[in-house]
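Chemist: Would you mind keeping the following structure in view while I ask a few things?
The values are calculated or read from the model by the stated rules, or taken from the named source; none is laboratory data. As the structure is a prediction and not an experimental result, all values here were calculated from the model. Using ideal geometry, Cβ is built from the backbone for each residue, glycine included, and neighbour counts are taken over all protein chains shown. Please note that ligands, DNA and RNA were not included when accessible areas were found on the heavy atoms of the full protein model with its side chains. Shrake-Rupley method; radii C 1.70, N 1.55, O 1.52, S 1.80 Å.
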Amino acid sequence: MKLLFYSKTLITAVFILIAGAAFSVQATEMSNDQTVKKDNITAIEYLQLMQTAYKNLNYEILYLNNLKNTVEPKQLLHGVINQEEIAYFRYLNGAMRESLQYLQKISYFEQGSQPYTLQSTRNQSVFANIANFNYDKGLDSYEYIILGKGRIAGKTAMAIRMISKDQYRYSYIVWIDLDTHLPLRLDTINSSNIILDQIMVVSLKVSEQVNPWLESLSNQKLPELFHLSQTSNLQASLWKVDWLPAGFNIVKDDQHKLVMYENEPVSYIMLNDGIVSVSVYISAKKTTSEQQQKTIQRGATVLYTDQKNNFEINVIGEIPVATAKRLIESISIVE
């Protein structure tokens with residue numbers, strides 16, 4: 001199935017908006033405390049209003065993903081049909097890459113590849129991590145603070161900072177449209193207040209009705225459902241994690257085969273705190289310490305590799321390097 005959609009002329013002009021000052025939280029953007037207090041809404045209430053709007057409104061957003069001095073324009077269409085969310089996502093530059101998420105399925109369309117569908121309940125849309133986070137439980141890991149008002153995409157927005165209570169996770173600043181309560185910008189920030197990753201909306205359109213083109217997609221036949229082989233899962237992982245950052249839980253723990261490891265058994269552990277997922281792969285040692293680059297970082301995502309005895313451990317996720325190091329130190333073999 002080939003997805004067709006009207007082209008946007010706005011994207012060319014969008015890059016004019018990009019300047020260094022636009023990618024930092026400026027004091028000049030903030031209102032004084034008296035203005036903030038007049039709204040009589042707490043930081044966590046703003047975040048919860050954002051969640052409701054994100055899931056229940058019909059909207060189209062054009063946004064930029066700024067990562068390591070690379071700016072990539074993307075598009076998201078979202079609607080609610082018979083109380084079910086439907087979301088269409090695409091990259092606007094380069095080869096065609098699109099996806100459609102509806103009725104607990106995600107269909108992928110990529111230029112030069114056969115389209116396919118996966119069964120999935122995980123929302124993979126932009127802002128999905130902060131839109132599905134449990135902010136009440138998150139109080140154990142984050143402090144929520146109102147910074148003040150500013151303008152994003154020509155709209156008045158309230159900036160909420162999520163400050164990590166420890167050094168094992170990043171902090172965030174979420175900018176929320178005061179009219180629709182939709183998220184307009186998300187900055188991922190390290191302990192030095194450096195923005196590692198940024199998503200910023202440049203155009204937002206909200207409508208009472210679902211976009212007709214999006215509704216038509218809900219009635220089209222999707223690509224064939226791809227069933228992941230269950231026979232590849234051999235048994236429970238042979239390893240255990242003796243330390244987890246506050247708020248993180250183990251959501252997957254098994255042993256399976258990967259082509260990249262020549263189909264040898266690999267132990268796999270996945271951690272999640274509601275915002276980020278961290279993958280841990282443990283395999284027979286492949287390289288010497290001198291050959292292996294320990295840390296590779298792109299934006300907020302780190303790949304950290306180390307070795308224990310005759311095994312190699314890779315940790316991948318949007319976490320500080322210190323967290324990856326401590327995770328590896330805490331991993332031990334199951335007796």
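Chemist: Tell me the strands (runs of 3 or more DSSP E) entirely within the stretch 110-206 that contain at least 1 residues that are touching an Asp or Glu at 6+ places or on another chain (Cβ under 6 Å).
Modeler: 142-152, 155-164, 171-177, 183-189
Chemist: Could you check, for the stretch 286-300, whether at least one of its residues is in contact with a Gly (Cβ under 8 Å, 6 or more places away or on another chain) and modelled with pLDDT of 90 or more?
Modeler: Taking every residue of the stretch 286-300 in turn, none turns out to be in contact with a Gly (Cβ under 8 Å, 6 or more places away or on another chain) and modelled with pLDDT of 90 or more.
Chemist: Okay, next question. Can you list residue pairs whose Cβ atoms sit under 6 Å apart, with the first residue in the stretch 72-84 being hydrophobic (A, V, I, L, M, F, W, C) and the second being assigned to a strand (DSSP E or B)? Count only pairs 6 or more apart in sequence or on different chains.
Modeler: Pairs that qualify, where the first residue is hydrophobic (A, V, I, L, M, F, W, C) and the partner is assigned to a strand (DSSP E or B), are 76/61; 76/89; 77/60; 77/88.
Results for (1) exposed (fewer than 12 other Cβ atoms within 10 Å of the Cβ); (2) over 22 Å from residue 53 (Cα atoms); (3) of a type outside the set (S, T, N, Q); (4) at pLDDT below 95, shown as yes or no for each residue.
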| site | (1), (2), (3), (4) |
| --- | --- |
| 75 | no, no, no, no |
| 78 | no, no, yes, no |
| 82 | yes, no, no, yes |
| 95 | yes, yes, yes, yes |
| 107 | no, yes, no, yes |
| 115 | no, yes, yes, yes |
| 124 | no, no, no, yes |
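Chemist: So which residues in the stretch 312-334 are touching a Leu at 6+ places or on another chain (Cβ under 7 Å), open to solvent by 10 Å² or more (accessible area, probe 1.4 Å) and among the β-branched types (Val, Ile, Thr)?
Modeler: Passing the criteria: 316, 333, 334.
Chemist: Give the stretch 151-160 a look and list any residue that's touching a residue at least 60 places away in the same chain (Cβ under 8 Å) and either in contact with a Lys or Arg (Cβ under 7 Å, 6 or more places away or on another chain) or open to solvent by 10 Å² or more (accessible area, probe 1.4 Å) (or both), or say none.
Modeler: Once the filter is applied, which keeps residues that are touching a residue at least 60 places away in the same chain (Cβ under 8 Å) and either in contact with a Lys or Arg (Cβ under 7 Å, 6 or more places away or on another chain) or open to solvent by 10 Å² or more (accessible area, probe 1.4 Å) (or both), the stretch 151-160 yields 151, 158.
Chemist: Note down all Cβ pairs under 9 Å where the first residue falls in the stretch 85-103 and is not assigned by the TED database to the domain that holds residue 53, the second is not aliphatic (A, V, I, L, M), and they're at least six residues apart or on different chains.
Modeler: none
Chemist: Which condition from (1) more than 20 Å from the chain's Cα centre (by Cα); (2) in contact (Cβ under 8 Å) with a residue 24 or more places away in the chain; (3) assigned by the TED database to the domain that holds residue 114 is the one that residue 192 breaks?
Modeler: It is condition (2) that residue 192 fails.
Chemist: For the stretch 307-331, what are the residues that are within 30 Å of residue 66 (Cβ to Cβ) and not in a helix (DSSP H, G or I)?
Modeler: Of everything in the stretch 307-331, those that are within 30 Å of residue 66 (Cβ to Cβ) and not in a helix (DSSP H, G or I) turn out to be 314, 315, 316, 317, 318, 319, 320.
Chemist: Is it the case that residue 237 is more than 22 Å from residue 169 (Cα to Cα), of a type outside the set (A, V, I, L, M) and at pLDDT 90 or above?
Modeler: no
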